[in-house]
Amino acid sequence: MSWRQGLATLWGHSGAAGVGVPMEQLAAFKAAFLQAVNEQLGDTLLYPRLWTDGELASQQLTLATLNDIDVLGPYGREFDPPLFEGRFIVEALRPVGADGSHLMMELSNGPVTCKAIWFRALTPGELPPFDVGDTLHCAYKLNRNRWRGRESLQLMVEHASLV
């Protein structure tokens, strides 16, 4: 084993990838890389894709569902907690945080209304591109909110777009 392989063993991980290219061969590497990408993708347009574990029915938006999910833990690298998706009506919203970059919301799905938080949703001073009454398609995780001795379900929004 070389000293470089030893370092990779000490500090690397199975999810890491990389390549070293001498500076004098960088232009040739870049051309070959772009050619290989073009051969494989052609005119295919790439766009971000978000994978979820599906939708929850409104009656599943409960602490009992979160308890069932918690039993499946612990979660971590290569075993993330479930990410759900759904359509919600915005009942209330307000920027929060020292710089106003987080968004506190109340979202309803049928007869159920949940508190939700979306961290880093806004650029400080910016308003969201939606308002009360709008419908959002959200990707979210279930979270337990504890405040003043009470527990409630809170949605942790990871992504949202107007419907």
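Throughout, read-outs are computed from the coordinates displayed, never taken from laboratory work. Note that the structure is predicted; figures quoted are calculated from it, not measured. Neighbour counts run over all protein chains shown; Cβ positions are idealised from the backbone, glycine included.
Numerical summary
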read-out	value
Checking Arg148 against (1) exposed (fewer than 11 other Cβ atoms within 10 Å of the Cβ); (2) under 17 Å from the mean Cα position of the chain (by Cα), the condition it does not meet	(2)
The lone exception for Lys141 - which of (1) surrounded by fewer than 16 Cβ atoms within 10 Å (Cβ to Cβ); (2) basic (Lys, Arg); (3) touching a residue at least 24 places away in the same chain (Cβ under 8 Å) it fails	(1)
Criterion (surrounded by 10 or more Cβ atoms within 10 Å (Cβ to Cβ) and out of contact with any Gly (no Cβ under 7 Å at 6 or more places or on another chain)) met by exactly one of Leu72, Leu56, Leu46	Leu72
Residue in segment 71-87 that is within 28 Å of Pro111 (Cα to Cα), over 21 Å from the mean Cα position of the chain (by Cα) and free of Cβ contacts under 8 Å to residues at least 60 places away in the same chain present	yes
